[in-house]
Amino acid sequence: MDSRLCVVLVEPAGPLNVGSVARLCANYAVPELRLVAPRCDPLADEARRMAVHGVGLLQRARLFPTLAAAIADCRRVVAASGRDGGSGMPLPPEEALAWLRSPLDGPAAVALVFGREDRGLDSQELGQAGRLLRIPTPPGYGSLNLSHAVAVCLAAGQRTAADLEAMAPAAAAGPLPPRQAMEDLLADAEDLLLEVGFLHPHTARARMAGLREVLRRAEAQQGELALLRGMVHQLRWGCRRGSDGGSG
């Protein structure tokens with residue numbers, strides 16, 4: 001299945017940047033702009049002026065309270081970062097966009113995520129991406145304006161379908177699930193592991209981040225996640241039945 005690219009901006013503070021990104025999305029035929037808890041009015045006059053022919057896309061931009069909500073329906077996610085995170089070594093834009101947009105079965109939506117103008121994405125947000133992207137810059141001053149970074153990445157992503165298939169890994173045997181399916185599994189697993197004492201409240205977040213990383217690298221398919229979630233449910237039932245004195 002071909003991809004439907006969504007550009008996601010996390011807590012953008014500048015209406016000029018938001019409008020410029022909307023214009024870029026129109027330039028590069030990106031169908032959807034998503035905004036996570038914007039710190040400015042995305043429909044302010046400054047944003048509309050900068051959007052130019054992308055003002056319709058700006059008006060249709062979807063708002064979300066968290067990054068997790070914004071990418072819940074996406075099969076793959078790439079986050080732009082100036083530093084290393086929990087998703088392995090950052091890729092150059094061309095390679096990251098080829099991975100992101102490679103044809104695979106599963107949800108059509110894929111997300112390219114950019115962080116705040118002043119401090120980017122935090123570690124937890126970077127951990128929600130399947131791959132990290134870093135724009136190569138000379139040493140000494142690697143910070144780019146938000147809209148400039150988006151422009152570099154979208155320009156790097158302009159390849160034919162044949163080029164993308166050649167650069168990307170082979171397609172999985174089954175459809176990839178939306179990101180929310182993995183988060184639902186992890187929530188169930190965390191509840192069970194806390195209940196049986198494998199996790200403790202003060203360390204649960206760090207240990208679950210490790211499990212999330214394993215599942216993300218594996219790109220578990222929809223049926224595989226369903227199998228794992230069924231195992232968690234059965235283990236919970238068995239533990240509670242045993243604690244109630246049930247017999248085998």
| field | Burial ranking of peptide ranges 217-225, 139-147, 72-80 (average Cβ count within 10 Å, highest at the top) | value | 72-80, 217-225, 139-147
| field | Calculated Rg and Dmax of the chain using C-alpha coordinates, Å | value | 19.9, 71
| query | Dipole of the chain, Cα-centred, from +1 at each Lys and Arg C-beta and -1 at each Asp and Glu C-beta, to the nearest 20 debye? | reply | 140 debye
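Each value in this text was obtained by applying a stated rule to the coordinates, not by laboratory testing. Note that the coordinates shown come from a computational prediction; the quantities given were computed from them, not determined experimentally. Virtual Cβ from ideal backbone geometry, glycine too; neighbours counted across all protein chains shown.
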